[in-house]
């Protein structure tokens, strides 16, 4: 019995990029904040481009704590969703038009380690535990130097039922 030929790399990349764009595009708040995601394989980096609307303390100036917390939480949710979708995307069982619902936040704790400066911010999430019903995610945010975090967060989420699609 022979195997079918593998899909061309361009087709796989288009499917991955389309699914990520649809996942992010389904959340208007992500667009409002200007958050983008850069994908390298299965790894995502969230990017929060600097904007004057993100300044909370104009005297310093420093990023608003709520904007920082939202950036961390969005990063955690998208990373968790991406991790759920990855095996389905790779197997070709799911496409950008039929994505499952996003995980629901149970709680989210933020540690503000230093003031966020008026420049672009980056974040990556790491899933600590995931199951059928529950997940725990840790997120770290930095600006110029990844070793100098300005905030980190930990969230707990209720996992979506993968049989229900977000049509």
Original post:
Across every pair of different alpha-carbon atoms, what Kirkwood hydrodynamic radius in Å does the stretch 97-167 reach?
Top reply: 13.7 Å
Subject >> the stretch 83-151 and the stretch 1-23: distance between their alpha carbon centers, rounded to Å >> reply: 23 Å
Original post:
Exposure proxy check: 138, 98 ranked by fewest other beta carbons within 10 Å?
Top reply: 98, 138
Subject >> Percentage relative contact order, the chain, counting C-alpha pairs under 8 Å, at least six apart >> reply: 23 percent
Original post:
Using bins 10 angstrom wide from zero, how does P(r) for the stretch 93-137 break down, in % of all Cα pairs?
Top reply: 16, 36, 33, 14, 1
**OP:** Once you have a ≥ b ≥ c as the square roots of the Cα gyration tensor eigenvalues for the stretch 40-83, tell me rounded if a/c is under 1.5, and otherwise prolate or oblate according to whether a/b is larger than b/c.
**Re:** prolate
Subject >> Rg in Å to one decimal, and Dmax rounded to a whole Å, for the stretch 1-88 via C-alpha atoms >> reply: 17.1, 70
**OP:** At a temperature of 37 °C and a viscosity of 0.692 mPa s, determine how fast the chain diffuses translationally according to Stokes-Einstein, using the Kirkwood radius over alpha-carbon pairs as Rh; express D in µm²/s, rounded to the nearest whole number.
**Re:** 195 µm²/s
Original post:
What does the convex hull of the Cα atoms come to per residue for the stretch 54-129, in Å³?
Top reply: 121 Å³
**OP:** Quick one: order 11, 24 by neighbouring beta-carbon count within 10 Å, fewest to most.
**Re:** 11, 24
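Where a number appears in this text, it was derived from the coordinates with a stated rule and is not lab data. Computed from a prediction, not measured in an experiment: that's the story for all the values here. Cβ atoms come from the backbone with ideal geometry, glycine included; neighbour counts cover every protein chain shown.
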